[in-house]
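Quick notes on the structure that follows.
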Amino acid sequence: MANIKSAEKRNRQNVKRYERNHARVSRIRTFIRQVEEALTGGDKAVAANALKAAQPEIQRGVTKGVIRKKTASRKISRLAARVKALA
């Protein structure tokens, strides 16, 4: 355990940051899962709406620093291609 006051504060900050980032990543995964479930359902309109909801959430993950820019771009691109191919 930390004995120095600044180290104790740093530990508290790290815990808060971890919980916040973990929640963000979990939320992104949930949105992606909703798109994939809509894709397996076969309804293009539902899948398109799910993708439209997931896209800003994934991008927000980039601005908050929990996922990398190219990772987000790749995920969005692949989901969009799968939705488009559903026709």
Being among the small types (Gly, Ala, Ser) and under 12 Å from the mean Cα position of the chain (by Cα) is the filter here, so list the residues in the stretch 65-87 that pass it.
-> Gly65, Ala72, Ser73
Among (1) within 26 Å of Lys84 (Cα to Cα); (2) assigned to a helix (DSSP H, G or I); (3) in contact (Cβ under 8 Å) with a residue 24 or more places away in the chain, which single condition is Ile67 missing?
-> (2)
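Yes/no matrix, rows are residues, columns are (1) in contact (Cβ under 8 Å) with a residue 40 or more places away in the chain; (2) in contact with a helix residue (DSSP H, G or I) (Cβ under 7 Å, 6 or more places away or on another chain); (3) exposed (fewer than 13 other Cβ atoms within 10 Å of the Cβ); (4) of a type outside the set (S, T, N, Q):
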| site | (1), (2), (3), (4) |
| --- | --- |
| Ala7 | no, no, yes, yes |
| Val15 | no, no, yes, yes |
| Glu19 | no, no, yes, yes |
| Ile28 | no, yes, no, yes |
| Gln34 | no, yes, no, no |
| Leu39 | yes, yes, no, yes |
| Lys52 | no, no, yes, yes |
Within the stretch 54-78, the count of residues that are of a type in the set (S, T, N, Q) and surrounded by fewer than 12 Cβ atoms within 10 Å (Cβ to Cβ) comes to 2
Answer yes if at least one residue in the stretch 22-41 is over 15 Å from Ile76 (Cα atoms), of a type in the set (Phe, Trp, Tyr) and assigned to a helix (DSSP H, G or I), and no otherwise.
-> no
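Every number in this text was worked out from the coordinates using simple rules, so none of it is lab data. If you're wondering where the values come from, they're calculated on a predicted model, not measured in any experiment. Please note: Cβ atoms are built from the backbone with ideal geometry, for glycine as well, and neighbour counts cover all protein chains shown.
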